[in-house]
Amino acid sequence: MNDVLAVILGGGRGTRLYPLTRDRCKPAVPLGGKYRLIDIPIANCINSGLRQIFVLTQFNSASLMTHIHRAYRFDGFMPGFVEILAAEQTPESDSWYQGTADAVRQNLRRIDRSNYNQVLILSGDQLYRMRAEHLIGYHREVKADVTLSVIPVRRKDTSRFGLVRVGHGGMVREFVEKPTDAAILDRFRVPPESLSVLGISDKGEEVYLASMGIYVFDREVLVKILRDESKLDFGKDIFEGLLSQLEIAAYPFDGYWEDIGTIGAFHHANISLASPGTPFDFYDLGRPVYTSRRYLPASKVVASKLDNTLLGEGCRVLESDIRSSVVGIRSIVREGSTISESVLLGMDFLSPEHRPKDVSYGIGHDCVIHRAIIDKNARIGDGCIIRGGDDRPDSESQIHAVRDGVVVIPKNAVVPPGTEI
C-alpha cells in the first residue's frame, strides 16, 4: 500500500462536542481511558499497511500536534509518516477551510504527487475497525473513480447522513445529503432482496445505505475535481453534484461503527467499551490501537468495588464503588465515592492524593457521580453530587454543561465541596 495516501479530516469547531472541544479539536478528545479519537483511524491505516498519513486540522490544534508527535514515529526499517497539516495562508489561498473538500484542496501541493495512485479520505471522529486494504482492493477491482464506504442505517437516523441508492454492480445511481422528505426516503430504501447481494445482514426493518465519510479516490480524479474552487464539500458538491460525471462505487460495511459527533454519542460509546459485550474490542491483538507511550505506574485499587469498568494506567481508586464507567489515566477517586455510567478523562499529570487548604485534583471524598463526563484535571470537592438523566434539559454554567442528558464538567474546572449539579 505504498502507493496510497491516507488523509484524515480533523473536523470543524466541534460545537456539538462542546465543552470537550473547548480546549482541543475533536480528534484530540480522549477515548476509552487512555486513547484519543485520532488513534482509531490511524490504527486502521497502520494495520492495513498504510503508513503515509496526513491529518488536516485548523481549530485548537496544539494538543493534537503534541499527541501525534509523541505517539507516531516510524524508523528506517519501516518508513512512513503521520503529519499534521494545519490550515495556513498560502499563495493559493488565505482563507480557513470552507468544507471537507476545500480542506483537501488547500493541501493539493502535498497530495498531488505521482507516487500516490489513490487517496483514502477518513474522518477523525469515528469509532470502528475496518480493513482499509479490502476497501482499496474493491475500489481497484471495480475500476471506479471514487468508492464510498456505506453502512446500513434505520429510517429514523437517515437525516444525519448522506444516502446512496445503489444499482447494478454496486455502483451509486443517486446520492442525497441528509434527506427528510418521505418520498425521497421511500426511493432510497434498500429492497429486502438486495440486502444479501450487498453483503448486509437482514435487520428485520427498513434499511438505507448511508455514507460513512470514508472515501477512496483515484488521485488524478480527485485533483481534477478539486481544481474547481466552487466544490467545497464532498457530499453535496461532489457526490451529489457530479454523480453523472463519475463512476462512483459503494462498498458495504456491516461492522460496528459509531459517529462520535455529540456528547450523547461520546458518552454512549465510552460506556459501551466498558460493557462485557462491547462491539468494539481493544483486546484484538491482531489489530491493535496505538497511542502515546506514557510509562505510567500500575493503577492502585484499595478496598473498592469495580464492575464493568475500564481503568487506565496510573490511577488510584480508594475505598470507592465504580460501575459501568471509564476511569482515565492518572485519575484519583477518594474514599466513599460512588460513580456510575460516567467517564473520567483523567489528568495530564500525576498529582498528590491530597492538597491541603484547597480542592484536590480528581474526585473528592463521599461524592456521587452518575451519567457524567469529568474532563481532564477537574477538581471535584468532597460531598459533591453530580447527576445526569434523560429528563435534564441542556444547560450551562461556569463549572458544568448538560448535553443530551449528560453532565459535563469542563477541563480544569473546580467544583466546590458540597455542590449539587
Expected output for the range 136-155 (first residue assigned by TED's automatic domain parsing to the domain that holds residue 167 and under 23 Å from residue 236 (Cα atoms), partner buried (at least 19 other Cβ atoms within 10 Å of the Cβ) and of a type in the set (Asp, Glu), Cβ below 6 Å, 6+ apart or cross-chain) is 145/218
Per the filter on the range 38-85, residues among the hydrophobic types (A, V, I, L, M, F, W, C) and free of Cβ contacts under 8 Å to residues at least 40 places away in the same chain are 62, 65, 68, 74, 77, 78, 81, 84, 85
Requiring at least 3 residues that are crowded, with 18+ Cβ neighbours inside 10 Å and not assigned by TED's automatic domain parsing to the domain that holds residue 14, the strands (runs of 3 or more DSSP E) wholly within the range 355-421 are 372-374, 401-403, 406-409
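Check the range 154-164 and report whether any residue there is among the acidic types (Asp, Glu) and either assigned to a helix (DSSP H, G or I) or at pLDDT below 95 (or both). Give the derivation first.
At the first step, the residues of the range 154-164 found to be among the acidic types (Asp, Glu) are 157.
Restricting the remaining residues to those that are either assigned to a helix (DSSP H, G or I) or at pLDDT below 95 (or both) gives 157.
Looking for residues that are among the acidic types (Asp, Glu) and either assigned to a helix (DSSP H, G or I) or at pLDDT below 95 (or both), one finds at least one in the range 154-164, hence yes.
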Checking 321, 375, 358 in turn, the sole residue that is over 26 Å from residue 39 (Cβ atoms) and either touching a strand residue (DSSP E or B) at 6+ places or on another chain (Cβ under 6 Å) or modelled with pLDDT of 95 or more (or both) turns out to be 321
Checked the range 30-67 for anything at pLDDT 95 or above, assigned to a loop (DSSP other than H, G, I, E, B) and of a type in the set (S, T, N, Q); matches are 48
With the first residue restricted to the range 97-109 and required to be assigned by TED's automatic domain parsing to the domain that holds residue 84, and the second required to be part of a helix (DSSP H, G or I) and among the small types (Gly, Ala, Ser), Cβ contacts under 7 Å at 6 or more apart or on different chains are 97/103
Of those in the range 266-290 that are of a type in the set (A, V, I, L, M) and out of contact with any Ser or Thr (no Cβ under 9 Å at 6 or more places or on another chain), the residue surrounded by the most Cβ atoms within 10 Å (Cβ to Cβ) is 269
The residue from 251, 256 that alone is closer than 24 Å to residue 136 by Cα, buried (at least 17 other Cβ atoms within 10 Å of the Cβ) and in the same structural domain as residue 20 (by TED's automatic domain parsing) is 251
Residue count, the range 206-259, condition closer than 24 Å to residue 195 by Cβ and of a type in the set (A, V, I, L, M, F, W, C), comes to 13
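The values are calculated or read from the model by the stated rules, or taken from the named source; none is laboratory data. Just so it is clear, the structure is predicted and the values come from calculations on it, not from any experiment. When we count neighbours, we look across all protein chains shown, and the Cβ atoms used for this are built from the backbone with ideal geometry, even at glycine.
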